[in-house]
Amino acid sequence: MYCPKCGTENPDDVRSCSSCGQDLTDTSISPKEPDAKKSGLAIAALLLGIFSFPAFFLTKVLALSLGISAIILGIVALIKIKQSSGRLEGIDLATTGIVIPAVLILIILIGLSFNMVKRPSDRPIRQLNQFHSIDVALELFSSEFDGYPPSDALDPIGRQYCGAMKLAEAIMGQDFLGFHPDSRFRADGMNGGTPLVPLYVPETEPERKDYVYLSLENANANELQDLYANTPSFKKDGIVLCDIYSSVTHWGTGKRVGMPILYYKADTSKTAHNLDNPDDPNNIYNYRDNHALLGLGAPWDPNDKHPLFTNPKIFYEMTKDYKVTEQSRPYRADSFILISAGFDGLYGTKDDIVNFGD
């Protein structure tokens, strides 16, 4: 029993308040209810709901985790408040703690749905159109320099300079301003003579302007350091041509860009396409031409390894011309192969797009 005068709780069988002496037998006086307290769960729900919004700009997973927790706490708080017979309050706090993350989750779900809709059927066609532009550019290069650019993994003095980077140099130069005819495809852009002379400098721009085989817009060229947080064995400002898919956040601009287009040149002196032995020295195509680049992992998570890196046999399986039944032969056995990672940004999966086949 609560004292109607001071609110002290007393045993039900006493006649007067132990605190102030008030007569407790007088039923005409309504007992004084204790002051209502703010629900801690309601406060927690509100705080988690508020924090879920800035968390959205860090990671959607964290935002969803905070938002769902806020909604659960808010619902529990409303139940507890209703059952408290007025001893707890905070319905407005709990409700706000539910509404804020609910709106955020709705935004995330709408965004995910929109991204799914943004996977139009013309994406592969657009990628193939980009490949066609690169095909034409490489044919122009070949007519000028009597052959396609090399694609081997290293430059002439043993530094990492993979096929994707050599493709970009052949079409754009090492500075987006044109290929230098004296290039020996060295990672440092030197001519390889004695003495060494830098080729990609402002002074050589006039003689290189006729050797830009693809516009910068169509080339979608980017520096490696703009795609990857760490490029330990590569020149950070080395450029690559990227596909049309928005798999990567550009470190410099924050824009969404594609993954590097892999380039492999056929060695027409070889005759094999060994599905069982990727390291067969007689293979027409060498998977190692871009293997070190694949070893960097996915730009968003270096630990997310490409299937084409972990299992090189995939390269020979996906490039085999299955219409040729007499022996194992690759598509385009006398020219070159281009590979886009496709929508998922991973090489060696089913959505890869290539410049051959039906």
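The values are calculated or read from the model by the stated rules, or taken from the named source; none is laboratory data. Being a predicted model, the structure only gives us computed values, none of them experimental. Don't worry about glycine lacking a Cβ; one is built from the backbone with ideal geometry, like all the others, and counts go over all protein chains shown.
Residue by residue, here is whether (1) more than 21 Å from the chain's Cα centre (by Cα); (2) free of Cβ contacts under 8 Å to residues at least 60 places away in the same chain holds:
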residue	(1), (2)
K320	yes, yes
R329	yes, yes
G345	no, no
K350	no, yes
F356	yes, yes
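Could you say whether any residue in the stretch 265-280 is assigned to a loop (DSSP other than H, G, I, E, B), at pLDDT below 95 and farther than 25 Å from V136 by Cβ? No: the stretch 265-280 contains no residue that is assigned to a loop (DSSP other than H, G, I, E, B), at pLDDT below 95 and farther than 25 Å from V136 by Cβ. When I339 is tested against (1) among the β-branched types (V, I, T); (2) outside any loop (DSSP other than H, G, I, E, B); (3) surrounded by fewer than 21 Cβ atoms within 10 Å (Cβ to Cβ), only condition (3) is not met. Kindly indicate whether I284 is in the same structural domain as D155 (by TED's automatic domain parsing) and within 29 Å of the chain's Cα centre (by Cα). So I284 does not fit the description; no. Hey, can you tell me all the residues within the stretch 295-318 that are closer than 9 Å to G348 by Cβ, touching a residue at least 40 places away in the same chain (Cβ under 8 Å) and not in a helix (DSSP H, G or I)? Within the stretch 295-318, H306 is the sole residue that qualifies. Pairs meeting the criteria (first residue in the stretch 209-221 and farther than 16 Å from L138 by Cβ, second residue at pLDDT 85 or above and surrounded by 11 or more Cβ atoms within 10 Å (Cβ to Cβ), beta carbons under 6 Å, at least 6 apart or on different chains) are K209/G178; L216/F176. Of the residues making up the stretch 263-281, just one is more than 35 Å from the chain's Cα centre (by Cα) and buried (at least 16 other Cβ atoms within 10 Å of the Cβ), namely A272.
Among the residues of the stretch 249-277, those that are farther than 13 Å from A221 by Cα, touching a strand residue (DSSP E or B) at 6+ places or on another chain (Cβ under 7 Å) and of a type in the set (G, A, S) comprise A266, A272.
Considering T194, T204, the condition of being assigned to a helix (DSSP H, G or I), more than 27 Å from Y287 (Cα to Cα) and not aliphatic (A, V, I, L, M) is satisfied by T204 alone. Evaluation of R184 against the conditions (1) within 21 Å of D304 (Cα to Cα); (2) at pLDDT 95 or above shows that the sole unmet condition is (1). Assessment of the stretch 247-269 against the conditions (farther than 26 Å from I171 by Cα and in contact with a Phe, Trp or Tyr (Cβ under 9 Å, 6 or more places away or on another chain)) yields no matching residue.
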